[in-house]
Amino acid sequence: MANRQTVLVAGATGSIGGGAAVSLAKRGARVVVLGRKPERLEARATAIRAALAEERLEDPGVQTLPVDLCDLDSVRSATTEALDRYPRIDGLVLSVGLLAQDGPNILPNGHELMFATNVLGPFLLTQSLIERLQQSNAVVLHVIAPFYEDIDWDDLESIQHHETDSAYHRTKTMDRVIVAELARRYAGTISSVAFDPSFIIDKDDPSLEDRWPSGFTGFYWRVLTALMAKPPRVAGEPIADLMLEYPDREAINGALFKLGKRVTKPDKAMCDTAAGRRLWDELVRITKPTSG
């Protein structure tokens, strides 16, 4: 069992991130929950403490850190605070997956909402913490979805030609490209892992009804949830295993897991080294602070 490792969980107010936070805390990790809304973060932290108390487990120090991943200034501010608060960061869980309808949804900063939330923000968060993560040979675990959509290099953010599902799938393809490129660039100092959680929904989440998509898509997800959804702990436990239970973290660098099972079949997006280099360079360019 890990003893007081510090793990940041982005997207901790969602089903998968919430399940990961609970499982990590139960195993003694100091969990820092990250999310956009402070009130939901506090509610999540309270729920984690209640789960610990129910099993008579010590609270390892659940903490909150607000961050809006679609706002690059918010990401920079949050990472500065994290670096000030935590001299050691042993792991980062990126559980982010926004599907926004009626796009493209252009933010005040000029970026498209899904691209900024699913790709740009998590990339900047990781890069801003990378030196601290390297110091502890940390695990960076990316919750992924197994969709594939070709990257349009002339329309990276799916603004000119936007169709909701294709744009979302493209962001999830980029996530897997980034997982593999991160693993290649930082091999030996961190371990970058892709995690496919299958279909996880917290049916007891009181905010769930407000977050369903509209129209047929929302109906489809409601039916799918009723028939197939698994509870958060089904993903939380294998995430905690990957974050805390590998003495040789290099053994899982660049790997793809579906729940607790390692996937041996090559993943098209993760194997595309040319796309990895090109996307990385594009994201570094986009996230570079402007002068003045």
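One table, with the values for the structure above:
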| item | result |
| --- | --- |
| Residue list for region 4-29, filter: at pLDDT 95 or above, part of a loop (DSSP other than H, G, I, E, B) and of a type in the set (Lys, Arg) | ARG27 |
| Filter pass, PRO247 being surrounded by 14 or more Cβ atoms within 10 Å (Cβ to Cβ) and at pLDDT 75 or above | no |
| Count of residues meeting criterion [assigned to a helix (DSSP H, G or I) and either on the phi > 0 side of the Ramachandran plot or open to solvent by 10 Å² or more (accessible area, probe 1.4 Å) (or both)] in region 105-121 | 2 |
| Test: residue in region 118-137 that is more than 11 Å from MET174 (Cβ to Cβ) and free of Cβ contacts under 8 Å to residues at least 12 places away in the same chain | yes |
| Residue under evaluation ASP102, criteria (1) open to solvent by 70 Å² or more (accessible area, probe 1.4 Å); (2) assigned to a helix (DSSP H, G or I), criterion not met | (2) |
| Output for region 145-179, where each listed residue is open to solvent by 10 Å² or more (accessible area, probe 1.4 Å), within 27 Å of VAL263 (Cα to Cα) and not in a loop (DSSP other than H, G, I, E, B) | ASP165, SER166, TYR168, HIS169, ARG170, ASP175, ILE178 |
| Boolean, ILE190 is open to solvent by 10 Å² or more (accessible area, probe 1.4 Å), in contact with a Leu (Cβ under 8 Å, 6 or more places away or on another chain) and within 24 Å of GLY18 (Cα to Cα) | no |
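Conditions tested, residue by residue: (1) in contact (Cβ under 8 Å) with a residue 12 or more places away in the chain; (2) open to solvent by 20 Å² or more (accessible area, probe 1.4 Å); (3) farther than 19 Å from ARG233 by Cβ.
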| site | (1), (2), (3) |
| --- | --- |
| GLY19 | yes, no, no |
| LEU24 | yes, no, no |
| ARG30 | yes, yes, yes |
| ARG36 | yes, yes, yes |
| ALA47 | yes, yes, no |
| ALA53 | no, yes, no |
| LEU57 | yes, yes, no |
| THR64 | yes, yes, yes |
| VAL75 | yes, no, yes |
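The values are calculated or read from the model by the stated rules, or taken from the named source; none is laboratory data. Model, not experiment: these values are computed from the prediction. A quick note on method: Cβ atoms are made from the backbone with ideal geometry, for glycine too, and the neighbour counts reach across all protein chains shown. Heavy atoms of the whole protein, side chains included, go into the accessibility calculation; ligands, DNA and RNA do not. Shrake-Rupley method; radii C 1.70, N 1.55, O 1.52, S 1.80 Å.
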